[in-house]
Each structure stands twice: as structure tokens, then as C-alpha cells.
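Novice: After the C-alpha cells below, expect a handful of questions from me.
Derivation of every value follows stated rules applied to the coordinates shown; laboratory data play no part. Remember, it's a predicted structure, so these values are computed and weren't measured experimentally. Every residue, glycine among them, receives a Cβ derived from its backbone with ideal geometry; neighbour counts consider all protein chains shown.
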Amino acid sequence: SSLIKNIPLAPADKILGLTSEFNHDQNNKKVNLTVGIYKDAFGKVTPFPSVRQAQNLLNKNHSNSKYNNLSYLPITGCKDFETNVTNFLFNDSINKPTLIEDNRISFIQTLSGTGAISIASTFITKFLSNEIIIPNYSWANHSNILQKNGFKNNINHYPYYDPITGKLSINKWKQYLRSTHSSKSTMPRSILLHASCHNPTGVDPTLKQWEEIIDIIHELKMIPIIDMAYQGLETGNLFQDCQLLKLCLDESRYPKGWKNGLFLCQSFAKNMGLYGERVGSLSIVLPPGQEEGSPESVMKDKINSQLKRIVRGMYSSPPGYGSKIANIILSEPDLKLRWIKDVKFMVDRLNQVRLMLYERLNWNDLINNELIMGCLFH
Ligand code: PLP
């Protein structure tokens, strides 16, 4: 018998499968709320004004080899991208420039947020941890990515959202963390946290609630993986949306930092509208003591060497065009300001559209769908 004939049909991706159903639906009142892509009033995905300007600069400077270079990028991305993105994330966003100065960030450019989570997952399961907990509910692709990149079936769900009240299950979450902790376990557990705009519930902890949760996670020596796919889309302010990251890296609260590193998976897909260009990053924030010449400082070199090895075997090197756009925006002060305004404009308009949708929905049809009800109320 033929092996190739016996390959079963894989189930459709939960989100992209819905898109395909949408495309087949003949109803002319249909609205696609599945994949998170920002569209203008004409239903088009148009570049943000800041991105358009950066594209023009890139075209204008075509004789400048820095911009007009179609060669491979280095395995872990360009140095410029590392400088600009770490400056944006750790200096502009959370005001912790010493993390960069003290050599405490191991950084790679990734294939957007999905790529960052894949590399983090491969790295963590190879060296640090073999179990991860993710929220119930979570982005449908999380367990898929984590399963395929080392965690296999060791993925569990922590209570997060109560569909009846439409609120955060903070007490159940705290209880779960403690009751499932085993002091005998030789390896720490990993935990995935959504930085802002929790997908799919839209419910985020308040700062006070994050403090309670992060204190426990830190005490239990877990490894945090922060998924920051929506920086800026919660409040409209790129910097205000970083309270989770800022808290985790608050040295007055956690002076010894994160013993086994803190993993930040970040994406410019949504907040620069660079979806298809696959621009993002993975930063591993190391504990203090990485200053040049200190015994710990070799830790970063070792980690970088392993990240390089993983990337080389997975896709060799990241794509160039989108990261050049991000580089221009992040390094030209006027363009950066324009971008900050673009994000605010997008979020204001999204909120207006959401309100209009809410007002026009047929509530009798929706009343039995607890998750949709929760998302719309929050
Ligand atoms: N994390 C969450 C919660 C998401 O919703 C998404 C995209 O929808 C991603 C990560 C990754 O997106 P991308 O790979 O396009 O950056």
C-alpha cells in the first residue's frame, strides 16, 4: 500500500479555517472578525503614513548600499535592527537603558511574533524547562507552536477568564499556580503571558493584579515568556502598554532579576502594519551580573551561539525588507513621532468601529455565545 495515499487530512487552523468559511459565505452582510488585520474605511490594508514615508526613503536611497542591499541578513538579523529595537523596547518603552548598557539582553530578529515564540520554545525546551502553562483561553496557535517546538504534550492551561462574569479569574489563577507547583521538580516550569490585548478575551489584568501574579511566578522560579504582539493597541499608547514588561524588570521589586531569563517575544505585525513582512524579535533578559569581564558575561555569548544554531537549522536567516522599514522608523526621530501618532489614530478608529458594531449586533443571536459576549463587553 502507498504511504503517501494514507496521509490524513489535517484539521484546518481554527482562525484561518474561519477565514476560508467566510470567503465561501454568500451573505452580503458578512463581516470578517477573524484574523487581526487593521483595514481602512474601504476595507483595504493600506500602509500607515509613517511606513509609507519609510518606504519612500528606502526607494529614494536606492543608491545607498545600506538601504539597497538584497543580500542575506546575518543569521540573527542586522546589528542596526538590534540597536533600534532594543532601544525602543527597553529604553523608550520601559525606561531601563541599563539593561542594554549592562549587556543583559540576548537579542535576535525573528520571523515576527510567531517566529519569536517558536525560537524561544525550541531554546527553552532544549536547555531549561519541559513544561509550559498558557492561559485558558489563549490565541489558538499558541499550543500549536509550542507543541511543535519542543513542549510536545506538556502544555497545560491556567485559569484566566471566567466566561460567566466576563472577568479575569484572578483567584483561581493564583490558586492554580501554587497548587500545581512541585518543589521536587528539577526543572522550572515556563508560563506564557499576554502583554496586552489578551487574545481572544480582550481582558487584561490591572497593574495591581499583575503584581500579585508576577510575585508568585517569581517566587516559584518559573520562566516567563511574554507575548507582546499588540504593543500600543490596548491604550493607543505604545509605551503605556508595557506595564507587564516594566513590572517584571523592576529591580526594586525583583533585585536578582529572573534567574533563568525572561523571554520577550515581540512583533511589529500589528503596530506597524507590517503583517506579511514578518518583522519581530526575541529578547532574552538575563539576570544582573553580565557586565563586560564579569564571570557571568560569557552567558550571553553562549546563549547567542545557541540561538544562532537553532535559527540556522530552521530558516537560516530572517527576511530583510520589513526590518529595513522598521529600522528607518525607529531611527528617524520625526518618523518615530509620526508612527506613535499613527498607532493612536488606528486605535481610536478601532474603538469607534467596535462600538458601532456592538450597537448594530443582533443580541438575540449572540446571547448564548459566552465568549463572544465576554469579548464584546471588554
Ligand atoms: N501572539 C498573539 C496573541 C497573536 O494574536 C498573534 C497574531 O495574531 C501573534 C502572537 C503573532 O503574530 P505575528 O507572527 O504575525 O507577529
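Novice: What ³J(HN,Hα) values, in whole Hz, does the Karplus curve 6.51 cos²θ - 1.76 cosθ + 1.60 give for segment 90-107 when θ = phi - 60°, with x put for Gly and Pro?
Specialist: Values, residue by residue: 9, 9, 4, 7, 10, 6, 10, x, 5, 4, 6, 4, 8, 6, 9, 10, 8, 10 Hz.
Novice: I would also like to ask the following. Taking a ≥ b ≥ c as the square roots of the eigenvalues of the Cα gyration tensor of the chain, is the shape rounded (a/c under 1.5), prolate (a/b larger than b/c) or oblate?
Specialist: In terms of gyration-tensor shape, rounded.
Novice: Which of the lysines could be linked to residue 341 by a straight reach, that is with a Cα gap under 25 Å, when you skip same-chain ones fewer than 8 residues away?
Specialist: 39, 44, 60, 96, 246, 270, 324
Novice: Quick one: order 218, 24 by neighbouring beta-carbon count within 10 Å, fewest to most.
Specialist: So the residues, fewest neighbours to most, are 24, 218.
Novice: Same structure again: Once you've got the GNM for the chain with C-alpha springs shorter than 10 Å, pick whichever of 196, 297, 71 has the biggest mean-square fluctuation.
Specialist: Among 196, 297, 71, the largest GNM mean-square fluctuation belongs to 71.
Novice: Moving on to the next point. With a 10 Å cut-off between alpha carbons and a GNM built on the chain, which of 283, 252, 112 moves the most?
Specialist: Result: 252 has the largest fluctuation of those listed.
Novice: May I ask for the distance between the Cα centers of segment 210-250 and segment 289-362, given as a whole number of Å?
Specialist: Distance between centres, Cα-based: 15 Å.
Novice: For segment 5-138, what class follows from the C-alpha gyration tensor (a ≥ b ≥ c being the square roots of its eigenvalues): rounded when a/c is under 1.5, otherwise prolate if a/b is larger than b/c, else oblate?
Specialist: Since a/c reaches 1.5 but b/c is at least a/b, the shape of segment 5-138 is classed as oblate.
Novice: Continuing with this model, one more query. Run the helix sum for the chain: -39,500 (n - 2.57) per DSSP H stretch of 4+ residues, divided by residue count, reported at 222 nm to the nearest 500 deg cm²/dmol.
Specialist: -12500 deg cm²/dmol
Novice: Still on this structure, please answer the following. Suppose every Lys and Arg Cβ carries +1 and every Asp and Glu Cβ carries -1, with no other charges. What dipole size does the chain come out with about its Cα centre, to the nearest 20 debye?
Specialist: In total the dipole reaches around 760 debye.
Novice: Mean-square fluctuation check for the chain, GNM, Cα pairs under 10 Å: which of 334, 102, 162 is largest?
Specialist: Per the Cα network of the chain with a 10 Å cutoff, 334 tops the list.
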